[in-house]
1. With a 10 Å radius around each residue's Cβ, average the other Cβ atoms per peptide and rank 49-60, 119-130, highest first.
2. Given N residues in the stretch 72-159, what is Rg(Cα) / (2.2 N^0.38 Å)?
3. What are the extents of the Cα atoms of the stretch 37-123 along their three principal axes, listed from largest to smallest and rounded to whole Å?
4. Pop the C-beta distance of residue 112 and residue 45 into the FRET formula with R0 = 41 Å and round what comes out to the nearest 0.05.
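We did not get these values from a lab; they are worked out from the coordinates using the rules stated. What you see is a predicted model; the values in this text were computed from it and never measured. When we count neighbours, we look across all protein chains shown, and the Cβ atoms used for this are built from the backbone with ideal geometry, even at glycine.
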């Protein structure tokens, strides 16, 4: 009785491993093609620096307001438009795949509500993400405050990396003469 289970389990486990490694190779390849390779690292360094300054200020009994670059900024309109198209295609493919698995008499998910339900849920998620991206593409910087908060705090917005000229007083070194007075 255990032999048929093992004969199905191990090949499927190996298939999942191959799919995962293929997805990781694909994501690494895409990551190397994108021009902003060190952007996340630079942003983490800046945020970490602010955390050190904030901790030192709190220990000294001072309050430091958060800098402007901790929030994300709008991406280009073309990026939101492209994301809208990708979400629409991916959502329709997910719904179609779920429905095809539900209606395939030779398939494993024939007349299983999980197949159509999973495809529908994934399709709805892609559809809603596409609607948000479409609204951001059309309205961009004139979007209502809920969309502005969404851009400022999620992946809908791009990271802001300040230049050394943008640092405010919390990051500028204090000369020793001023510190003594």
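1. 119-130, 49-60
2. Numbers: Rg = 16.4 Å, N = 88, 2.2 N^0.38 = 12.1 Å.
Against the empirical 2.2 N^0.38 Å value, I get 1.36 for the stretch 72-159.
3. In descending order, the Cα extents are 70, 31, 22 Å.
4. My answer for the efficiency is 0.25.
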